[in-house]
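Heads up, the thing below is written out as structure tokens.
Every number in this text was worked out from the coordinates using simple rules, so none of it is lab data. Here the structure is a predicted model, which means the values were calculated and not measured. All Cβ positions, glycine included, derive from the backbone under ideal geometry; neighbour counts span all protein chains shown.
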Amino acid sequence: MTRIWNFSAGPATLPEAVLRQAQAELLDWHGVGASIMEMSHRGQYFTEVIQTAEANLRELLAIPQNYKVLFLQGGATLQFSAVPMNLLNGRSADYVATGTWSKKAHQEAGRIGKARLAGSTEQAGQPADGFIRLPRQDELNLDPQAAYLHLCTNETIHGVEFLSEARLPQAPANVPIVADMSSHILSRPVEISRYGLIYAGAQKNIAPSGLTLVIVREDLMGHAAMNIPRLLDYKTQAENDSMLNTPTTFAIYMAGLVFQWLKAQGGLPRMAEINRKKAALLYAAIDNSQGFYTNPVAPECRSLMNIPFRLPCVEQEAEFVRASEAAGFMGLKGHKSVGGIRASLYNAMPLAGVEALARFMREFSRQHG
Ligand SMILES: *Cc1c(COP(=O)(O)O)cnc(C)c1O
């Protein structure tokens, strides 16, 4: 069996050690004689799995006691609706558009209530070049009465990232920041207390698809409009330990294995170090190609997780994808909305995979440049 280098944006590569452990435990979890997939979510075994997963996640991210961790379903996309349903409470919220995902979050929130566009870095021109930077504070028109300020802290399609909390916009006093961290959660330590609510679909940097993590400050719960579905109400979910109905047990189990793996690697400071190294390698392969490969994003907000780049023409991009697949790579085709190439360098992608891709890129540009 050969595992190829999988650069897919999501569902994405998982740590090989985790897949092997899941394989070893698949038929008989811990000597119980049944798969974790086959057990009641209310039984003692799964309870142990979800509680350990939460404890390890809290430790990895240093989540303060006054935040709840929820293991939900519906993807980040359902959170585009659940966030305003829970937090708006008749008020208005501010959205900053820095790419496709924050734009979608804004549109979806507008179906629920009042969602203002407080700023956008979209520029006319090629769709791939539409979002290439973060907004300056003086470009934002922030509402001091907003229920929250929504950001997507890593734009998976455009490769634009808020690389630290120091880069976040200054929100007005008492306006909590809500962050879609789907594609970079756990890639580095995060100051959780800078956010009121964080959400993330698991299939980028955590686990298989089906699981959505929500980390929410307690005082932001319990303000939902009376008529929202109970499944979408953070307070009800928190009171029921994310088990108001059957949770996505296998994805939670896999997330738990990944959290253990992250701790064994040395935790998030170590992952951040490796992630910086991987991204530096790939950006160097782009920037040192005499213009054969190009990435338009401003250097101070180039994503460490999702790196989109272009070749001189679409024919060469198609040939690059074809040749990369023949050479043992997968998932390098850019998102269909913007085209080009995209390499996603999540935690589970080893440095050796990025080194192999950089070598392939140099060879390809030598032959086609
Ligand atoms: C993938 C992605 C989404 C959509 O996630 P689903 O789980 O498919 O709903 C939303 N936001 C970001 C930043 C993403 O990367």
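Some notes on this structure:
- Full-extension gain in nm, LEU140 to SER164, via 0.36 nm per residue minus C-alpha separation: 6.8 nm
- Violating pairs (Cα-Cα greater than 28 angstrom) within the set LYS235/LYS336; LYS103/LYS204; LYS114/LYS336; LYS68/LYS336; LYS104/LYS204: LYS235/LYS336; LYS114/LYS336; LYS68/LYS336
- Karplus-derived 3J(HN,Hα) values for segment 295-304, using 6.51 cos²θ - 1.76 cosθ + 1.60 with θ = phi - 60°, are 10, x, 6, 4, x, 6, 9, 5, 5, 7 Hz; glycine and proline are entered as x.
- Beta-bridge orientation, the chain: approximately 55 percent antiparallel, per DSSP, counting only bridges with both partners inside.
- When each of the peptides 248-261, 43-56 is scored by the mean number of other C-beta atoms lying within 10 Å of its residues, the order from highest to lowest reads 248-261, 43-56.
- Residue-wise HN-Hα coupling along segment 78-92, computed from phi with Karplus coefficients 6.51, -1.76, 1.60 (Hz; x: Gly, Pro): 5, 5, 4, 8, 5, 4, x, 4, 8, 10, 5, 6, x, 9, 10
- The overall shape of segment 267-368 is prolate: from the C-alpha gyration tensor, with semi-axes ordered a ≥ b ≥ c, the ratio a/c is 1.5 or greater and a/b exceeds b/c.
- Calculated from backbone phi, Karplus (6.51, -1.76, 1.60) coupling profile of segment 173-189 in Hz, x at Gly/Pro: 3, 6, 9, x, 8, 10, 10, 8, 9, 3, 9, 9, 4, 6, 8, 7, x
- Rounded if a/c under 1.5, otherwise prolate or oblate - segment 319-363, Cα gyration tensor axes: oblate
- Measuring r between the beta carbons of TYR45 and ALA264 and using R0 = 30 Å, the FRET efficiency lands at 0.85.
- Between the C-alpha center of segment 87-142 and that of segment 244-320 there is a gap of 23 Å.
- Over the chain, Cα pairs under 8 Å with separation of 6+ residues give a relative contact order of 23 percent.
- Global geometry of the chain, whether rounded, prolate or oblate, following the gyration tensor of its Cα atoms and the 1.5 cut on a/c: oblate
- GNM result for the chain, Cα springs below 10 Å: residue of LEU61, LEU211, LEU345 fluctuating most strongly: LEU61
- Using only side-chain charges placed at the Cβ, +1 for Lys and Arg and -1 for Asp and Glu, the dipole size of segment 17-263 relative to its Cα centre rounds to 280 debye.
- Entry note, segment 1-101: relative contact order of 7 percent, from Cα contacts under 8 Å with a spacing of 6+ residues.
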